[in-house]
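The values are calculated or read from the model by the stated rules, or taken from the named source; none is laboratory data. Only a predicted model underlies this, so the values are computations on that prediction, with no experimental measurement involved. Virtual Cβ from ideal backbone geometry, glycine too; neighbours counted across all protein chains shown.
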């Protein structure tokens, strides 16, 4: 990994407080909690969705349904770059698929993902959701918005705006999968220089 | 996966595990949704070329392609230009001109799928070539067993019946052993292939129970028995259809009645056996007793269900894996090799 530059941009404490703030914002905006459900996009979005649901349960005393969405079959780049995603996903020892243990019809669905970048993942997630039912409304919560949108998609709840260059990468690390909470900025040397 | 799926030998044990994980995670539950379709192969073309009669294989390949949103064209030899004398080579070249992405071929002659693969740019899937192989059946059988038994390692399975004429048996003998299972072939001598030794068989005395003989044969755990007594020692029975249509002009059995008396499997044979599989179509009252065919001990319908998910996974992985290989080759050419690992590791930041 020569020529790579790594920096922690959000610490574990900050990340925890950010998620708490998003939970409060969702509570403030979405009144009918009985019709609210979280759907997290595999892998880290799913963990974030479960964390948000637990927090809202703490704050409002109401249980919130949580589902997990795998969008591999809905990607627009099956035959190109996205296939790398497929391969790395299949290389995981325990791959998980979509799990929506409730009807999404007439629900307010908050889609949850770790990083919002081009918007293509979210486009795929919305398409996938519509094959499972007809939600009354879909909102989007992301931990990091790093810019560079290629589609007309905007988040409803944002943890942190981190403007980046194309050569950089945002790596969200969560204790459930990575052993610790932090957000890391990675850049190749070319990325830094340009 | 390789470019094509012609033989179960095209896949390593790891390939099989990975492919069947795709089938389980991505495709098994799809058929339970109201909208039984994903857009994954939108715009791709699949041609199913069938030179032999088939119900489940042809339906499941057609549905698999459609549920992946591919355009599926079915060509049946009896209603196509084949009846006008067109050769397999010319048919393949003609179909290739439509630029299909996948050609699924079933043919009465061994090697037909490999032959087709030489004349097309499409991925070729062998859906049965004569007495050759039937790798997708083998994969769905392994999948069905995985759903029942957590670990296939050391699982004892008897393949019973018309092994000589069975491409399913040929693929399964290889595939089951790849997965660590111990295979016993049970058949009258006339229905065993002459070259069975090449598959690693340690031949037992006629009628004896199969035994574990480490180092027997070519070191393989494949045994042969000529009596249903061998079933006392197995976990799974894999029944084969008596392929009467391939018996013409040969003398393989003294009589069908004698076969039924000695080799028909029924509920009474299931003492220690946990499950019974059959690739279908079944011949009730020939290789399988009616009561067993109606019993929950058999997995026949689970196999059919598995077939759809597994065939979707095969089509998906043939397309995706070759795209990965192409992308990898292009990246290597561009960057002068190195560093695909870093790219794979950080994928979640890309979307």
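Any residue in segment B:262-288 that's not assigned by TED's automatic domain parsing to the domain that holds residue B:156: show its pairings with residues that are crowded, with 19+ Cβ neighbours inside 10 Å and modelled with pLDDT of 95 or more at Cβ separation under 8 Å, as long as the two are six or more apart or on different chains.
Here the result reads none, with nothing in segment B:262-288 linked to a residue that is crowded, with 19+ Cβ neighbours inside 10 Å and modelled with pLDDT of 95 or more.
Got at least one residue in segment A:36-55 being loosely packed, with under 15 Cβ neighbours inside 10 Å and at pLDDT below 95?
So far as segment A:36-55 goes, no, none of its residues is loosely packed, with under 15 Cβ neighbours inside 10 Å and at pLDDT below 95.
Yes or no: segment B:72-85 includes at least one residue that is under 17 Å from the mean Cα position of the chain (by Cα), modelled with pLDDT of 95 or more and surrounded by 15 or more Cβ atoms within 10 Å (Cβ to Cβ).
Step one: filter segment B:72-85 for residues under 17 Å from the mean Cα position of the chain (by Cα), giving none.
The answer is no, given that none of the residues of segment B:72-85 is under 17 Å from the mean Cα position of the chain (by Cα), modelled with pLDDT of 95 or more and surrounded by 15 or more Cβ atoms within 10 Å (Cβ to Cβ).
Name the residues in segment A:142-176 that are in contact with a helix residue (DSSP H, G or I) (Cβ under 7 Å, 6 or more places away or on another chain) and within 15 Å of residue A:19 (Cβ to Cβ), would you? Before you say what the answer is, go through the steps one by one.
Let us first name the residues in segment A:142-176 that are in contact with a helix residue (DSSP H, G or I) (Cβ under 7 Å, 6 or more places away or on another chain), namely A:143, A:150-151, A:153, A:157, A:159-160, A:165, A:167-172, A:174, A:176.
Matches in segment A:142-176: A:143, A:157, A:159, A:160, A:172, A:174, A:176.
Which condition does residue B:274 not pass, out of (1) in contact with a strand residue (DSSP E or B) (Cβ under 7 Å, 6 or more places away or on another chain); (2) surrounded by 18 or more Cβ atoms within 10 Å (Cβ to Cβ), if it passes all the others?
Single failed check for residue B:274: (2).
Quick one: in segment A:64-80, which of the residues that are facing chain B (nearest Cβ under 7 Å) and over 17 Å from residue A:98 (Cα atoms) is modelled with the highest pLDDT?
A:78
Among the listed residues B:173, B:105, which satisfies the condition of being surrounded by 22 or more Cβ atoms within 10 Å (Cβ to Cβ), at pLDDT 95 or above and under 28 Å from residue B:44 (Cα atoms)? Even if it seems obvious, please write down each step before you answer.
Details: B:173 fails: under 28 Å from residue B:44 (Cα atoms).
Among B:173, B:105, only B:105 is surrounded by 22 or more Cβ atoms within 10 Å (Cβ to Cβ), at pLDDT 95 or above and under 28 Å from residue B:44 (Cα atoms).
Name the single residue that is farthest from residue A:76 (Cα to Cα) among those in segment B:29-61 being within 14 Å of chain A (Cβ to nearest Cβ) and touching a residue at least 40 places away in the same chain (Cβ under 8 Å). Even if it seems obvious, please write down each step before you answer.
So the first thing to find is which residues in segment B:29-61 are within 14 Å of chain A (Cβ to nearest Cβ), and the list is B:29-45.
Adding the requirement that they be touching a residue at least 40 places away in the same chain (Cβ under 8 Å) leaves B:30-31, B:40-41, B:44-45.
Numbers: B:30: 19, B:31: 22, B:40: 8, B:41: 10, B:44: 13, B:45: 17 Å.
Filtering first and then ranking leaves B:31.
Could you check residue B:64 against (1) away from every other protein chain (no Cβ under 14 Å); (2) not in a loop (DSSP other than H, G, I, E, B) and say which number it fails?
Unmet for residue B:64, out of (1) away from every other protein chain (no Cβ under 14 Å); (2) not in a loop (DSSP other than H, G, I, E, B): (1).
For segment A:55-79, enumerate the residues that are assigned to a loop (DSSP other than H, G, I, E, B) and in contact with a strand residue (DSSP E or B) (Cβ under 7 Å, 6 or more places away or on another chain).
Passing the criteria: A:64, A:71.
Pick out the one residue from B:284, B:317 that is at pLDDT 75 or above and within 9 Å of another protein chain (Cβ to nearest Cβ). Quick ask: steps written out before the conclusion?
Working: B:284 fails: within 9 Å of another protein chain (Cβ to nearest Cβ).
The conditions single out B:317.
Only one of these is surrounded by fewer than 15 Cβ atoms within 10 Å (Cβ to Cβ) and closer than 17 Å to residue B:165 by Cβ: B:245, B:258. Name it.
Values: B:258 fails: closer than 17 Å to residue B:165 by Cβ.
The unique qualifying residue is B:245.
Going through A:21, A:17 one at a time, which residue ends up being free of Cβ contacts under 8 Å to residues at least 24 places away in the same chain and assigned to a helix (DSSP H, G or I)?
Details: A:21 fails: free of Cβ contacts under 8 Å to residues at least 24 places away in the same chain.
Matching residue, one of A:21, A:17: A:17.
Taking only segment A:99-115 into account, find how many residues are touching a helix residue (DSSP H, G or I) at 6+ places or on another chain (Cβ under 7 Å), within 11 Å of chain B (Cβ to nearest Cβ) and either closer than 11 Å to residue A:140 by Cβ or free of Cβ contacts under 8 Å to residues at least 40 places away in the same chain (or both).
1
For segment A:121-192, which strands (runs of 3 or more DSSP E) that fit wholly inside it have 3 or more residues that are under 15 Å from the mean Cα position of the chain (by Cα) and within 11 Å of chain B (Cβ to nearest Cβ)? Walk me through how you get there before you give the answer.
Numbers: elements: A:137-145, A:157-161, A:168-173, A:182-188.
Hits in segment A:121-192: A:168-173.
Is it fair to say residue A:60 is more than 25 Å from residue B:14 (Cα to Cα), within 19 Å of the chain's Cα centre (by Cα) and modelled with pLDDT of 90 or more? Steps first, please.
Working: more than 25 Å from residue B:14 (Cα to Cα): yes; within 19 Å of the chain's Cα centre (by Cα): no; modelled with pLDDT of 90 or more: yes.
Considered against the rule, which asks whether it is more than 25 Å from residue B:14 (Cα to Cα), within 19 Å of the chain's Cα centre (by Cα) and modelled with pLDDT of 90 or more, residue A:60 comes out as no.
Restrict the check to segment B:325-334 and report whether at least one residue is surrounded by fewer than 22 Cβ atoms within 10 Å (Cβ to Cβ), more than 14 Å from chain A (Cβ to nearest Cβ) and modelled with pLDDT under 80.
Of all residues in segment B:325-334, those surrounded by fewer than 22 Cβ atoms within 10 Å (Cβ to Cβ) come to B:325-334.
Now narrow it down to the ones that are more than 14 Å from chain A (Cβ to nearest Cβ): B:333.
Then drop every residue that is not modelled with pLDDT under 80, which leaves B:333.
For segment B:325-334, residues surrounded by fewer than 22 Cβ atoms within 10 Å (Cβ to Cβ), more than 14 Å from chain A (Cβ to nearest Cβ) and modelled with pLDDT under 80: present.
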